[in-house]
Structure formats: C-alpha cells, structure tokens
Amino acid sequence: MDDSTKKNNPVYSNTDTSQLNLSEDEWKKILPSDVYYIARKKGTEPAWSSPLENIKDKGTYYCAACGNALFVSDTKFESGCGWPSFYQPISKGSVIYSPDNSYGMKRTEAMCGRCKAHLGHVFDDGPPPTGLRYCINGVVLDFQKAKHAEEKYNKEKKDE
C-alpha cells in the first residue's frame, strides 16, 4: 500500500493494537477498492498475481487495512500455492481464525486480529516447526523492509 493511501486511512497504525469496529461503510471510504474487496468481502486475488509472492527481503508484513503486524519474513516459505505463504504469525493474537465452509470446502479462515480483515486461509500441510501453511492474499499485506538491514546495505553500497 502506498503512503498516500495510508495517510487517508485514519486507523492505519503499525503500533496501535486496539481492536477496531468500523462499519462496512466506514471501511469502504478508507480502503482502496482491491483491499476492501478482499479484506471486507472475503475475496481472493488471482493466484500468482501478488508481487509479494516472490519477495525474499527481510522485513515485516502488516495488514493493509489497519497496519497490524501479521508475519515476519523469516516465517515465509515457497509453498507453490500461488499466494504468499507463512508457517507462523508474528504473535498469538495477530491472526484470528474462523471456520469457513464456503464453496463446499472445510477450511479455516485467517483474519487480522485487530480489524478482522479476511487475509486468506490456514492449512495443516506446512513445514516444521508448526506444520501450518498460512496462504495469504498479497493485496491485504503491506510489506516493510527491515530498517536495520536496509540501512546497513545502503551504507555498504555507499562505501564501495
């Protein structure tokens, strides 16, 4: 999500962990249409369409709707499913769960623990140590590179 979009979203914060309870009309006013569709209407982006699918940089993945920290890059792995995949959330309450029996399937929906945005689904076919695969729509993720690593890289590049 670009910085101008974040500025137009009064609830976006990487530090505030208070629960949000906005109406659908309020969400529709502050979220870009693609984020709204997935986060609030439980949509799904096409497989292999997210630029975050192939990112290998170190950093943190935040909820694009509210800024809540969700995953760190150390838990991201290549699952081959077509969406960014992680084996563990950043903290116990950062992601919450709900049964999803839509489309004739039994799945577990993964949602943001702060704003209840639909993120994707969690499956029990992931790698150790958890055995879980969080299959997450890239549209609802906001990736921020690790500051220290970026500063170190820039300094080394300058010294060359």
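What follows is calculated from the coordinates using simple rules that are stated; it is not laboratory data. This one's a predicted model, so the numbers in the text were calculated from it and none came from an experiment. Please note: Cβ atoms are built from the backbone with ideal geometry, for glycine as well, and neighbour counts cover all protein chains shown.
General remarks:
- Inverse of mean 1/r across different Cα pairs in the chain, Kirkwood, Å: 16.2
- Taking the chain and dividing mean pair separation by its residue count, relative contact order in percent (alpha carbons under 8 Å, at least six apart): 25
- Our estimate of slack between Asp100 and Lys29, defined as 0.36 nm per intervening residue step minus the Cα-Cα distance, is 22.9 nm.
- For Cys81, Cys112, Cys63, order by how many other beta-carbon atoms lie within 10 Å, fewest first: Cys81, Cys112, Cys63
- Net length gained if the chain between Gln19 and Ser91 were fully extended (0.36 nm per residue, minus Cα distance): 24.4 nm
- Residues Phe71, Phe77, Phe143 arranged by fewest to most Cβ contacts within 10 Å: Phe77, Phe143, Phe71
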